[in-house]
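Colleague: Encoded as structure tokens, here's the structure I'll be asking about.
Since every read-out is calculated from the coordinates, none of them should be taken as a lab result. It should be emphasised that the depicted structure is a prediction, and the values quoted were computed from it without experimental measurement. Cβ placement follows ideal geometry from the backbone for every residue including glycine, while neighbour counts extend to all protein chains displayed.
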Ligand SMILES: Cc1cc2nc3c(=O)[nH]c(=O)nc-3n(C[C@H](O)[C@H](O)[C@H](O)COP(=O)(O)O)c2cc1C
């Protein structure tokens, strides 16, 4: 019989009860209060395509995104081209890159579609009208919305804005609530014969305190998983 630690090391999923034997480092009383400049604690990167006033497209990386059902909520800087585009043309394509695509994402990082570049961004950002070209990424037409998807990304969401409201100190970002109207996945990450993403084959690209990571090995599965195999269910 293998121990939970051995199974974790060999990348086999473990059950919550066997997992509880893994020693947890002491915490109570040993933490130090700190004041980090950022709180990006490891959230998936999404590439948002929106439509500019002249009909061209803009592509921007974000990591402030969460989904509940088919509602997607985004946090987007008020001075970004993306926020202005969504206020006027409320459709977008959300393309989810895999860890291997981190360098393309980082090529987009110092760019803005805003022209002129807002004063607060001028020191570190530059205007770029062709973000797809600058990142070396290709357009794939969407089906239900106008902005194109990123062909190289394995997972795409087509979405429409339901509401856009100010948030944060001095209204410095927009809270954008969207309805996802269509989902596309590369066949390689779909569990054959089902509508499910195979969690063992898909990894988001995670933005972890301004560094990029993928997922580590699976630790276990939730009790409502629809994709666990027979042996994992025991
Ligand atoms: C990995 C990554 C994650 C980011 N996350 C966000 C985010 O969640 N919200 C946001 O407003 N900006 C985020 N940014 C910064 C925007 O990409 C940046 O402001 C960009 O200039 C926006 O482009 P736009 O002005 O063309 O819309 C992120 C940048 C990177 C590289």
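Colleague: Using all alpha carbons of the stretch 18-149, what is the percent of pairwise distances in each 5 Å bin, ordered from the shortest bin to the longest?
Modeller: 2, 9, 17, 19, 18, 11, 7, 5, 5, 5, 2, 0
Colleague: Highest first, please rank the peptides 188-195, 54-61 by the mean number of other Cβ atoms sitting within 10 Å of their residues.
Modeller: Output ranking for 188-195, 54-61: 54-61, 188-195.
Colleague: Shape of the stretch 167-214 from its Cα gyration tensor (a ≥ b ≥ c, root eigenvalues): rounded if a/c is under 1.5, otherwise prolate when a/b > b/c, or oblate?
Modeller: Oblate, because a/c is 1.5 or more while a/b does not exceed b/c.
Colleague: Distance from the Cα centre of the stretch 124-174 to that of the stretch 46-65, in angstrom?
Modeller: Using only Cα atoms, the two centres lie 2 Å from each other.
Colleague: Still on this structure, please answer the following. Rounded to the nearest 500 deg cm²/dmol, what is the calculated helix-only ellipticity per residue at 222 nm for the chain, with -39500 (n - 2.57) per DSSP H run of length n ≥ 4?
Modeller: So the helix-based figure for the chain works out to -3000 deg cm²/dmol.
Colleague: What number in nm² do you get for the stretch 122-234 if you take the convex hull of its Cα atoms and divide its surface by four?
Modeller: That works out to 11.1 nm², a quarter of the Cα hull's surface.
Colleague: For the chain, how big is Rg over Rh, using alpha carbon atoms and the Kirkwood form of Rh?
Modeller: In the chain, Rg relative to Rh is 1.02.
Colleague: Based on the mean of other Cβ atoms within 10 Å per residue, sort peptides 118-125, 173-180, 196-203, 80-87 so the most packed one is first.
Modeller: Ranking, from highest mean packing down: 80-87, 173-180, 196-203, 118-125.
Colleague: Okay, next question. For the stretch 77-168, rounded, prolate or oblate, judged on the Cα gyration tensor with a ≥ b ≥ c (square roots of eigenvalues), a/c < 1.5 rounded, else prolate if a/b > b/c?
Modeller: Oblate, because a/c is 1.5 or more while a/b does not exceed b/c.
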